[in-house]
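Data block below; observations after.
The values are calculated or read from the model by the stated rules, or taken from the named source; none is laboratory data. From a predicted model like this one, the values you see are computed outputs, not experimental measurements. Glycine gets a Cβ as well: all are built from the backbone with ideal geometry, and neighbour counts include every protein chain shown.
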Amino acid sequence: MHELGIAFHIIKEVDQLAQEKGYQHVSKVTLEVGEVSSVIPSYLIDCWNWACEHRSKYLKGCVLNVITLKGISYCEDCKETYDTVPAGRTCPHCGSGNTYLVTGDEVTIQSIDVD
Ligand SMILES: [Zn+2]
């Protein structure tokens, strides 16, 4: 239930923000989800819809818009970056395994729309 936990976490954050700013209702949340974050967007949206109805004060019927961010890795040996998903941990430029993920495992709120 990884996605449900994430949905709860985001809803809590947005609810708190709405309360602070005095928003009446949040109609849409845009989320950036990294390609290698292990979050399945369609499943996250299902969890989101349920959680908004049952666990939120300001987000009833709120739409979740998911933007997928590409996974990018960096190679320490040849100092190049590359797409993580097709290549994995092995650098496609020089074949080194001395690489690390730069971006692509995050889940971040990009924007919220209020009524
Ligand atoms: Zn390399």
Assess whether Val39 counts as being more than 16 Å from the ligand (Cβ to nearest atom), surrounded by 13 or more Cβ atoms within 10 Å (Cβ to Cβ) and modelled with pLDDT under 95.
yes
Among the numbered criteria (1) farther than 20 Å from Phe8 by Cβ; (2) crowded, with 17+ Cβ neighbours inside 10 Å, which single criterion is violated by Lys79?
(2)
Where the second residue is among the hydroxyl-bearing types (Ser, Thr, Tyr) and surrounded by 13 or more Cβ atoms within 10 Å (Cβ to Cβ) and the first is farther than 12 Å from Val39 by Cβ and lies in region 1-19, which pairs have Cβ atoms under 6 Å and are six or more apart or on separate chains?
Ile11/Ser56; Asp15/Ser56; Asp15/Tyr58; Ala18/Tyr58
Please go through (1) within 16 Å of the ligand (Cβ to nearest atom); (2) over 26 Å from Ile40 (Cβ atoms) for Tyr82 and return the number of the only condition it doesn't satisfy.
(2)
Could you check Ser56 against (1) modelled with pLDDT of 95 or more; (2) over 11 Å from the mean Cα position of the chain (by Cα); (3) not basic (Lys, Arg) and say which number it fails?
(1)
Quick check on my filter: what residues within region 49-76 are of a type in the set (D, E, K, R) and either more than 18 Å from Lys12 (Cβ to Cβ) or in contact with a helix residue (DSSP H, G or I) (Cβ under 7 Å, 6 or more places away or on another chain) (or both)?
Arg55, Lys57, Lys60, Lys70, Glu76
Which is in contact (Cβ under 8 Å) with a residue 24 or more places away in the chain, of a type in the set (Phe, Trp, Tyr) and within 16 Å of the ligand (Cβ to nearest atom), of Tyr23, Tyr58, Tyr74?
Tyr74
Across region 93-110, what is the number of residues that are within 16 Å of the ligand (Cβ to nearest atom) and surrounded by 16 or more Cβ atoms within 10 Å (Cβ to Cβ)?
1
